[in-house]
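Engineer: Got a structure for you, questions after.
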Amino acid sequence: MATRIGFVGTDGRTFLAALETSRAVSEFYAGEYEGVVVRGTPAMPTFAQRQGWPIDFIATADNSTSAYAEALIQAFRQDTLDIALIMPEALLFHGLVDQVAAAGFGDRLIGLDQEGAFLEADKIAGKELCVAAGIPVAPWTTVNARDYAQVLATSLDFLHAHGGVVLKYPYSAGGKGARIILHSWEIREVYDLLIQDYKEDYTQFFGRKGPWPLLVEGRMSGVEISFTILVDRDGNFQILPTAMDYPERFEGPPGVNNPITGGMGAISPHPLESPELMALAARTIARPLVQALRSRGLLRPCVLYPGCFLSCTDNFQPTVLRVCEINIRPGEPEFQPVAKRLRNLGALLQAMVTGRLHEVQPEVRTDQISLCIALVTGPGGPKQQKGYPWSLTKGEPLEIDFDYFAKKNITIIPSAMDWDPASGFKSDGSRVAYLVANVTLKEGQKPGTVVEILRQRLLTAYDQGKIRVIPREDEKGNRLALRRDIGHHYKLAEILRAR
Ligand code: GLY
């Protein structure tokens with residue numbers, strides 16, 4: 001009987017991970033696995049059925065933590081699910097693991113409990129843990145967000161010392177709490193926007209009178225890179241292949257008009273991945289982090305996803321990795337190209353809950369590069385919305401040339417997508433879908449050149465309107481928007497390395 005693995009959540013990584021769990025065939029690890037999406041979005045079951053994809057679904061009554069807990073407990077009781085990986089951090093912050101564990105099924109879940117979730121839920125406490133564990137971190141301090149004079153002075157100091165500063169709302173912010181300042185002129189505007197966005201949350205937690213903790217970090221230069229670390233119940237760990245994330249909404253430096261989003265695309269592996277880099281990440285981050293969890297009694301099967309900056313020598317040998325923050329779930333969309341290069345995701349997840357992760361290595365399609373581009377809701381709409389990640393219009397119909405995508409070997413992953421029998425697939429705002437494709441690198445081919453061809457394949461599909469959200473005001477238009485430079489860093493890496 002196949003092992004049924006649930007991917008809990010409503011986004012693209014949830015759907016793709018379930019698909020790859022069912023589809024991928026391992027050469028080295030016996031076992032049959034079926035991917036199940038727990039909840040998903042309304043479009044996903046119909047989408048999977050339309051494509052003939054082997055994904056099963058478990059519904060939840062609503063989007064609340066208790067509804068997820070109820071669905072998981074029932075599925076474990078009825079043996080319709082064997083294991084579940086919880087994707088959205090908010091469910092971990094709100095104690096989904098604790099609720100399911102209280103019903104006796106904690107050993108089937110992958111994710112930290114509420115006590116351990118502070119690692120991501122409280123970024124200041126997460127930093128303190130890293131420092132205590134000897135993990136190199138970005139320069140940082142904390143200030144009182146209510147005190148603009150203090151924020152200004154600290155920002156100016158950090159700009160002087162590090163060339164840039166990041167103001168971070170240190171609690172749950174759905175990936176949007178980091179505000180980067182590269183010029184002194186922007187300090188006031190960035191500060192005002194941050195306070196506007198988080199005033200309510202601050203007031204709720206700390207009242208109107210007390211200090212509001214704000215994390216201030218030096219904006220590091222160097223190469224941004226994150227690591228997906230799988231940890232089993234006994235503290236064995238495996239690091240999955242890397243991916244490069246594209247967090248800014250548009251190409252170019254971040255700023256008030258180019259905010260950090262949830263992620264506009266990703267490519268795996270990261271162009272600077274090397275065995276030395278993976279060894280450095282294991283030695284200086286993964287091992288001390290797992291040890292810190294163990295010594296605090298927080299160790300559980302979990303996914304850790306530290307975001308780091310890499311320094312290297314002039315021939316790209318890694319020297320130091322400095323951690324900016326630790327996430328406690330797979331990255332979105334980074335997990336998509338990562339999972340698409342794995343042949344044994346099911347076996348890895350099973351080993352996490354049985355304490356056998358030391359026996360199961362990630363089985364990676366090392367000859368392949370995987371590219372993932374987010375298709376987001378662009379500007380326009382009845383209220384002249386600004387588009388993702390700002391205000392969004394929803395409910396417009398999607399048009400997809402499925403045959404074209406099948407012919408071009410491009411996988412469409414639905415995300416914020418709705419469906420009803422009368423009108424079919426519809427946009428539900430934010431990141432509507434992803435285009436994902438792999439390319440195989442042949443002997444003697446240059447990765448930079450091959451990735452450029454792959455990138456063009458995905459961009460052409462979009463440019464030719466093969467997937468469209470039809471705007472209300474223009475039936476020939478396309479509401480979907482994307483970033484055109486996702487993956488281009490392979491070419492840049494090649495140029496950098498050329499002597
Ligand atoms: N793409 C950024 C994240 O998942 O945190």
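Engineer: Mean separation of Cα pairs under 8 Å and 6+ residues apart, divided by the residue count of the stretch 396-462: what relative contact order is that in percent?
Structural biologist: Computed over the stretch 396-462, the figure is 30 percent.
Engineer: Relative to the present Cα-Cα distance, how much length would full extension add between Trp185 and Ala149 at 0.36 nm per residue of separation?
Structural biologist: Roughly 11.5 nm would be gained on extension.
Engineer: Continuing with the same structure: Given charges of +1 on the Cβ of Lys and Arg and -1 on the Cβ of Asp and Glu, with all other atoms neutral, how large is the dipole of the chain about its Cα centre, in debye to the nearest 20?
Structural biologist: For the chain, the charge dipole is close to 620 debye.
Engineer: Taking R0 as 30 Å, what FRET efficiency do you get between Ile495 and Ala161 from their Cβ-Cβ distance, rounded to the nearest 0.05?
Structural biologist: 0.50
Engineer: So, one more: What 222 nm value per residue comes from the helices of the chain, counting each DSSP H run with n ≥ 4 as -39,500 (n - 2.57) and dividing by all residues, nearest 500 deg cm²/dmol?
Structural biologist: -9500 deg cm²/dmol
Engineer: Just report the Cα centroid separation between the stretch 235-281 and the stretch 394-466, whole Å.
Structural biologist: 20 Å
Engineer: For the stretch 146-209, what is the Kirkwood hydrodynamic radius in Å, using each pair of distinct C-alpha atoms?
Structural biologist: The Cα-based Kirkwood calculation yields 12.3 Å.
Engineer: Still on this structure: Show the residues, 5+ positions off or on another chain, whose built amide H is closer than 5 Å to the amide H of Ser430.
Structural biologist: Here the answer is Thr377, since their amide H atoms fall under 5 Å of that of Ser430.
Engineer: Report the full-extension gain for the segment Thr141 to Arg365: residue separation times 0.36 nm, less the Cα-Cα distance, to one decimal in nm.
Structural biologist: The Thr141-Arg365 span can extend by a further 76.5 nm.
Engineer: Using Cα pairs closer than 8 Å and at least 6 residues apart in sequence, work out the relative contact order for the chain, in percent.
Structural biologist: It rounds to 15 percent for the chain.
Engineer: In the stretch 367-455, what chymotrypsin sites (Phe, Trp or Tyr not before Pro) fall in a loop by DSSP, with at most 16 other Cβ atoms inside 10 Å?
Structural biologist: Passing both the DSSP loop test and the Cβ count: Trp390.
Engineer: Karplus couplings for the stretch 271-287 from phi (6.51 cos²θ - 1.76 cosθ + 1.60, θ = phi - 60°), rounded to Hz, Gly and Pro as x?
Structural biologist: With coefficients 6.51, -1.76 and 1.60, one gets x, 9, 5, 8, x, 5, 5, 5, 5, 5, 5, 5, 6, 9, 10, 4, 5 Hz.
Engineer: Show me 202-210, 165-173 ranked by packing, highest mean number of other Cβ atoms within 10 Å first.
Structural biologist: 165-173, 202-210
Engineer: Distance from the Cα centre of the stretch 26-100 to that of the stretch 139-157, in angstrom?
Structural biologist: Rounded to whole Å, the Cα centres lie 42 Å apart.
Engineer: Could you give me the percent of Cα pairs per 20 Å distance bin for the chain, shortest bin first, beginning at zero and ending with the bin that holds the maximum distance?
Structural biologist: Bins of 20 Å from zero give 23, 59, 18, 0 percent of pairs.
Engineer: I want the antiparallel fraction of DSSP beta bridges within the chain, as a percent rounded to 5.
Structural biologist: 80 percent
Engineer: While we're looking at this one, here's another question. Taking the highest mean first, how do the peptides 211-218, 331-338, 345-352, 450-457 order by number of other beta carbon atoms within 10 angstrom per residue?
Structural biologist: 331-338, 345-352, 211-218, 450-457
Engineer: If you rank Ser66, Ser295 by fewest surrounding Cβ atoms within 10 Å, what's the result?
Structural biologist: Ser295, Ser66
Engineer: Taking only the Cα atoms of the stretch 391-464, how large is their convex hull per residue, in Å³?
Structural biologist: Convex hull volume per residue, Cα atoms: 107 Å³.
Engineer: Using every Cα-Cα pair within the stretch 56-132, state what percent have a distance larger than 19 Å.
Structural biologist: 37 percent
Engineer: Please tell me the relative contact order of the stretch 241-281 in percent, rounded to the nearest whole number, where contacts are Cα pairs under 8 Å and at least six residues apart.
Structural biologist: The normalised contact order for the stretch 241-281 reaches 45 percent.
Engineer: While we're looking at this one, here's another question. From the phi of every residue in the stretch 473-485, what ³J(HN,Hα) in whole Hz does the Karplus formula 6.51 cos²θ - 1.76 cosθ + 1.60 yield, where θ is phi - 60° and glycine or proline is x?
Structural biologist: 8, 7, 5, 9, x, 9, 6, 6, 10, 8, 9, 8, 9
Engineer: Oh, and also: What is the calculated FRET efficiency for Phe57 to Ala406, with r their C-beta to C-beta distance and R₀ = 22 Å, to the nearest 0.05?
Structural biologist: 0.50
Engineer: I would also like to ask the following. Could you tell me how many cubic angstrom of Cα convex hull volume the stretch 160-291 has per residue?
Structural biologist: Cα convex hull per residue, to the nearest whole number: 158 Å³.
Engineer: Provide the packing ranking of 32-38, 489-495, i.e. peptides ordered by the mean count of other C-beta atoms within 10 Å per residue, highest first.
Structural biologist: Ranked by mean Cβ neighbours within 10 Å, highest first: 32-38, 489-495.
Values in this text are rule-based calculations from the coordinates and carry no lab data. Small disclaimer: the values here were computed from a predicted structure and weren't measured. So basically every Cβ, Gly included, is an ideal-geometry build from the backbone, and we count neighbours across all protein chains shown.
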